[in-house]
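Novice: This is the structure, below, for whatever I ask next.
Please treat every number below as a calculation from the coordinates, not as lab data. Here the structure is a predicted model, which is why all the values come from computation and not from measurement. Using ideal geometry, Cβ is built from the backbone for each residue, glycine included, and neighbour counts are taken over all protein chains shown.
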């Protein structure tokens, strides 16, 4: 059963690819298909949704006044869509791609919606769903891949269990239990069900009575359990100190962390070539010595570069390793920011290219934790 994942133009492509990789890391009857087409909204709902309740205890246990104001300003300035606009777009995507009625269409968007829900299925019946991709850091304090993937998986299961919104409303929990069917009238309450990753006994019984495929249920439960495990791994790093294994995947040499839900480092080809070079040299190499390794860096970049011209490839590498220019230091700085954004400061310290000026630059993590998959 295919679940087609689309994004609107406001949603970064990395969000879609990361969420797709996370969901597909749990194999089963559901196939999450990352669609390359980007859809756009040109009209917006004029009335903004009500401002959500904001509690400081759900963002790293503290939010000072400037962060709260930043959130509120961002929320108020962001365009708002009506549910009709969103589901009309889902219907168009379904028709354009000839997607059958038994398959799912999920649209990821950062825009507000007029009812201020993080996600919802189409009340009119089709297996269409949307998930809002912003604000998770404020309400959950975690990598947003996890709650977005949870909303997609739970949305699929709800659509298979319930005949419509009235049926769903008759069964959802007004008081949170840490269950998929928690209504979460206040957005802050969503933290409990995502971190718990559970389904209460009443809902388990209902799912069984309504004959949902055990293969689908099993895969979705695996997704819930996996999301919870990945979140705990990352959240407990400061205590456990467990450093994740880094995988280099395939021809494009993608950098991914399976223990973090196939989290990927989104480096451009030149940044990736430089990072792979330092992975190959645990002893470290001073930036001023990089011209001595031109052939190695050139080979790495040529193996992953989309550029057709050998001349272009050589020119880019030469500019990067030129000791007179600042290109290499700038790329190391950008890599550091991307790694830190992905892993958090503590865990990132093992994976950034570090070293004082004039000394060898190196990636300090243990190479026994490096796995290369052809």
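Novice: So how tilted is helix 214-235 from the main axis of the chain? Cα-based, degrees 0 to 90, rounded to 10.
Specialist: Approximately 50 degrees, to the nearest 10.
Novice: Need one number: convex hull volume per residue for the stretch 246-373, Cα atoms only, in Å³. Let's see the in-between values first.
Specialist: Numbers: hull volume 12.9 nm³, N = 128.
For the stretch 246-373, the hull spanned by Cα atoms encloses 101 Å³ per residue.
Novice: Taking every pair of alpha-carbon atoms in the stretch 2-235, what share in percent sits in each 10 Å bin, from 0 to the bin with the longest distance?
Specialist: P(r) over the stretch 2-235, rounded to whole percents: 7, 33, 40, 18, 2.
Novice: By count of other Cβ within 10 Å, fewest leading, how are 170, 202 ordered?
Specialist: Numbers: 170 8, 202 13.
Fewest-to-most Cβ neighbours within 10 Å comes out as 170, 202.
Novice: Based on DSSP, what percent of beta bridges with both residues in the chain are antiparallel, to the nearest 5?
Specialist: Working: 12 of 36 bridges.
So the antiparallel bridges amount to about 35 percent of the total.
Novice: Compute the convex hull volume of the Cα atoms of the stretch 107-241, divide it by the residue count, and report the result per residue in Å³ as a whole number. Please report the intermediate quantities before stating the final value.
Specialist: Working: hull volume 15.6 nm³, N = 135.
Given the Cα convex hull of the stretch 107-241, per-residue volume reads 115 Å³.
Novice: Per DSSP H run of at least 4 residues, take -39500 (n - 2.57); add these up for the chain, divide by its residues and hand me the 222 nm value, nearest 500 deg cm²/dmol. The partial results should precede the final answer.
Specialist: Working: 15 runs with 164 residues, N = 374.
It lands at -13000 deg cm²/dmol.
Novice: Label point 7 Å out from residue 170 along Cα-to-Cβ: which residues of the stretch 121-160 have amide N under 16 Å?
Specialist: Answer for this model: 159-160.
Novice: As I understand it, the value is the acute angle between the Cα axis of helix 310-321 and the longest principal axis of the Cα atoms of the chain; what does it come to in degrees, rounded to 10?
Specialist: 80 degrees
Novice: Mean separation of Cα pairs under 8 Å and 6+ residues apart, divided by the residue count of the stretch 182-304: what relative contact order is that in percent? Walk me through the numbers on the way to the answer.
Specialist: Values: 76 pairs, mean separation 20.6, N = 123.
Contact order relative to length: 17 percent.
Novice: How do 266, 230 line up, fewest other C-beta atoms within 10 Å first?
Specialist: On the way: 266 16, 230 25.
Ordered from fewest to most neighbouring Cβ atoms within 10 Å, 266, 230 come out as 266, 230.
Novice: In degrees, nearest 10, range 0 to 90: what is the angle between the Cα axis of helix 13-24 and the longest Cα principal axis of the chain?
Specialist: 70 degrees
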